[in-house]
Amino acid sequence: MMLVRMGELYLTILILACLHYLALSDFQGDALFALKNALNATANQLTDWNPNQVNPCTWSNVICSGSNVISVSLSTMGFTGTLSPRIGLLKSLSTLILQGNYITGEIPKDFGNLTNLVSLDLGNNSLTGQIPSSLGNLKKLQFL
């Protein structure tokens, strides 16, 4: 009887861990897909960024550590859109490279939520406005 209960407990913990992993990957995928849409990616760009695929760690130009997105590199891809504030949800992100596109608009204040960000490259775009004061929260930032 005790062995059966331990097995049930183990199974319950395993299921909860899997659900946590899926939820973690899902919000990260949603944030990245929002970025793709905001950047006005064409049908031929980032074709493997599928909103129905739970784990963005298999997508091109995305690097993960475990199940956390830590790097997104989308330089010189010809994007003409804006920056999505939803990228601010990627708390583990350490590198975001978007240089050499035609991105317009302002840097969202939500980028200040990326507290693990070490490198943010937005150079050679057509951004306007001021650098948000929230970027002062990025204590690990070494390259802007």
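The table below gives the values:
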| quantity | calculated |
| --- | --- |
| Pairs where the first residue, in the stretch 118-144, is farther than 18 Å from L90 by Cβ and the second is charged (D, E, K, R) and open to solvent by 60 Å² or more (accessible area, probe 1.4 Å), C-beta under 9 Å, 6+ apart | L127/E106; T128/E106; G129/E106; Q130/E106; S133/K109 |
| Matching residues, the stretch 107-144, being modelled with pLDDT of 95 or more, part of a loop (DSSP other than H, G, I, E, B) and under 18 Å from the mean Cα position of the chain (by Cα) | I107, P108, L114, T115, N116, L117, V118, L122, L138, K140, L141 |
| Qualifying positions in the stretch 88-112 - more than 15 Å from K139 (Cα to Cα) and polar (S, T, N, Q) | Q99, N101, T104 |
| Per-region count, the stretch 79-94, residues in contact with an Asp or Glu (Cβ under 9 Å, 6 or more places away or on another chain) and among the basic types (K, R) | 1 |
| Residue satisfying condition, being of a type in the set (A, V, I, L, M), within 19 Å of G88 (Cα to Cα) and at pLDDT below 55, within set A34, A23, A38 | A23 |
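The values are calculated or read from the model by the stated rules, or taken from the named source; none is laboratory data. Note that the structure is a prediction, hence the values are computed from the model and not measured. Positions of Cβ are backbone-derived with ideal geometry, glycine not excepted, and every protein chain shown enters the neighbour counts. Side chains included, ligands, DNA and RNA excluded: accessible areas come from the protein's heavy atoms. Shrake-Rupley method; radii C 1.70, N 1.55, O 1.52, S 1.80 Å.
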